[in-house]
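We did not get these values from a lab; they are worked out from the coordinates using the rules stated. If you're wondering where the values come from, they're calculated on a predicted model, not measured in any experiment. Here the Cβ positions follow ideal geometry from the backbone for every residue, glycine too, while neighbour counts run over all protein chains shown.
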Amino acid sequence: MSKFQIIILGLFSVFIVIGVAIFAFSNSGSGKDRSQTVLWGTIKSSLIEETIKELRLSVDEKINITYVEKSPDSLDSELTEAIAVGRGPDAVILPHNLLYQEREKLLPVSYESFAVRTFKDTFVEAGELFLSPDGILGFPLSIDPLVLYWNRSIFSAAGLARPPTLWEEFYGLVPLLSKRDDTVIKRAAVALGEFRNVLHAKDILSTLLLQAGTPIVSVSGDQPKASLNIRGRGLTPPTDSAVRFYTEFANPLKPAYTWNRSLPDSKSFFLSGDSALYLGLASELGELRDRNPNLNFDVAIAPQAGEGKGVAVFGTVYGIALVRGAKDMPSAIENLALLWGPVGAKKLSDLSGLPPARRDILAVRPENPYQSVFYRSALISSVWLDPNQVETELIFKDLVESVTSGRERLSEAISRANLELDQLF
């Protein structure tokens, strides 16, 4: 870390202590120890515990948080059961795609305690999904953005110096990077077009839709509404353009054909060296390196739509939300504010490898080349209000497979998907 960064974080440490005192709901100057705050989440316990240890040593020795790691598959049911019997946690770390599902269990923080202007100045735009008419449902902690992993050896052998920065470049890359034996794909340029064997297909489609100008879900007041069928400003509806582009790569009749559902999953194919590109998550970096240490790859920002289109990439935002029935709200606020504050967020980012959701930290570009890409991706991350992540996964899957199989026309598949998405609200 540079001397400048050390000075900046030192100042942040002072400011956050002052901020916590102002932010608390009751007088915290009595000198008494805070009561324990029980925090649940799906982040590895070692990461949160090490972050708390750092905060206790460098910022505030009174921080008193007990973290309980939960499985992503059981968090919802366990939280419901615990609240029902009065044994719920004081707070929970939630990905944004569980926010709508869990909203009735969360306790909003009033805007009198933490102003909207302060929230927007502190956290990246994607974090604003946690703002509700009733108050703040959660404080953004970190972001896991979609990024582009690329095989440097394959690109070099093809005489290519860099990965694509625009989606339209994929059309020219397919004949240069793919290898086929008649209909059998020996090497793929990229895994696009299918759904069941393309990991993060929903995130990839979300990125394409958001860049094209489709919000996917629009929120007016407190009433969400599916927006897949908006017309946009162009002659072709933006959703039509995005879905048509995505599915072309699995159409044997198209020049862009490079993927089909008979292949292994997209991550495995990339790790075996048989795919030039892999659209994955920032959180997968360590796994990719561990599973194939000999793979010569690098990472870049996910491709964009080009001039005149929005700059965006889908990312999962994790936030700390207070739970209804929390036993000591003033202590919980003081404890947790240190965790989402600059020192806590920076420490957790360094440990997890994921970029923080705070603007002040993202403004200081890290020296690590991977983290530099992740930080820039976090700044342009965009999200949408997901009513039920399991159900919407199926809706997106049916949308793609209806088009690739020819079961429905593109416009019909989109209209049906929009109706099904709207019904979830």
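The alpha-carbon of K346 sits under 26 angstrom from the alpha-carbons of these lysines, leaving out residues fewer than 8 places away in its chain: K3, K44, K53, K62, K70, K120.
I'd like to verify something in the chain: which complete DSSP H helices, judged by Cα projection on the helix axis, reach 18 Å or more and average at least -1.0 on the Kyte-Doolittle scale?
Membrane-span-like by this rule: 3-23, 45-58, 389-404, 410-423.
Amide H contacts of F139 (H built 1.01 Å from N, in plane; Pro and chain starts excluded): I320, A321 sit under 5 Å, all sequence-distant by 5 or more or on other chains. Please report the antiparallel percentage of the DSSP beta bridges confined to the chain, to the nearest 5. Close to 75 percent. Each 10 Å bin from zero holds the following percent of Cα-Cα pairs in the chain: 4, 21, 30, 24, 15, 5, 1, 0. Neighbours of S275, meaning other residues whose beta-carbon lies under 15 angstrom from its beta-carbon, give a summed charge of +3 when Lys and Arg score +1 and Asp and Glu score -1. Rounded to the nearest 500, the helix-only mean residue ellipticity at 222 nm of the chain stands at -12000 deg cm²/dmol, with each DSSP H run of n ≥ 4 adding -39,500 (n - 2.57). For the range 298-307, 3J(HN,Hα) computed residue by residue from phi via the Karplus equation (6.51, -1.76, 1.60; θ = phi - 60°) reads 9, 10, 9, 5, 4, x, 10, 7, x, 4 Hz, glycine and proline entered as x.
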